[in-house]
Amino acid sequence: MWFRTQPRRACPATLALCLRFLMHGTAAAVMDACLSSEQRSQHLQEAPCTPDGCSAPEGAPREEDTGGPPGGSNKIEPSLHSLQQFVPTDYESYTQEHYLFAGTKIVIQESIESYGAVVWPGATALCQYLEEHSEELNLQDAKILEIGAGPGLVSIVASILGAQVTATDLPDVLGNLQYNLLKNTLKRTAHLPEVRELVWGESLEQRFPRSSFHYDYVLASDVVYHHYFLDKLLATMAHLCQPGTVLLWANKFRFSTDYEFLDKFKQVFDTTLLAEFPEASVKIFQGILKWD
């Protein structure tokens, strides 16, 4: 979700390192360990860093292994069809991770084979913030778009809290994203979330014309780290925000480039620090687009 890359398969050395840590933390903690010092430059070379994305290969997790997406009904057939249009990537390392937000048990299918198939610290922090401030934010029936939704936890929580959610990411993670959304929101939320492709900085007006799309909130979690598309990310954030739109951005601050992006973010958005989670090095900011 947070990498604008082609298929985000970890390199063999990285995957081996991750597996060594599997017994010592969550998938996100494992992947964070894999982003440390000496591995960082190798990631940038071996996890392809072009914003073009790719179509997900054929193959999907077996229903008997994952519980499978529940069946739909005629009343939700259009939305269900929208959710079922992407094919999950066939990773070998899928796990079922359990979360509890808004009084609801959420099961997320994750894989350490893809950065976009892992729930990162910023996502859980943002979910906690949404849960604790749902009335203040007035999320009931609010129109929300999530940038870099990854495995979909934030979009699921926003949907459970009553919002109309559009979850976006690169093509290669959309299959797993839609699977998790369908599994956790079908017949459980007032609005079934939509899944759409969004490549940062590309075809924004064609895919999300400002005259037709208006969002009450734009959400983003851990979309900023050491990658080459920060300017395109900022341009995408600005494009999706109009008068009245509130951007909520949660991020674990790891590298100096994260703070450099924050400085640029403050030039484009009126910025307020809403919350900090020191134990996870996560900060949550509110951004209101500056208008000339």
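Please treat every number below as a calculation from the coordinates, not as lab data. Note that the structure is predicted; figures quoted are calculated from it, not measured. Please note: Cβ atoms are built from the backbone with ideal geometry, for glycine as well, and neighbour counts cover all protein chains shown.
At-a-glance table
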read-out	value
Cα principal axis extents for region 247-292, largest first, Å	38, 20, 10
All-pairs alpha carbon distance profile, region 139-193, 10 Å steps from 0, percent	30, 58, 12, 0
Largest-first ellipsoid semi-axes for region 195-292, taking √(5λ) over the Cα gyration tensor eigenvalues, angstrom	23, 15, 12
Kirkwood hydrodynamic radius (C-alpha pairs) into Stokes-Einstein, region 111-227, 37 °C and 0.692 mPa s, D in µm²/s	229
Given charges at Cβ of Lys, Arg, Asp, Glu: region 222-284 dipole, positive-most of Ser281, Gln242, His226	Gln242
Relative contact order (percent, whole number), region 163-269, Cα cutoff 8 Å, 6+ residue spacing	25
Calculated P(r) of region 160-226 - Cα pairs past 16 Å, %	56
Burial order of peptide ranges 253-263, 175-185 (average beta-carbon count within 10 Å, highest first)	175-185, 253-263
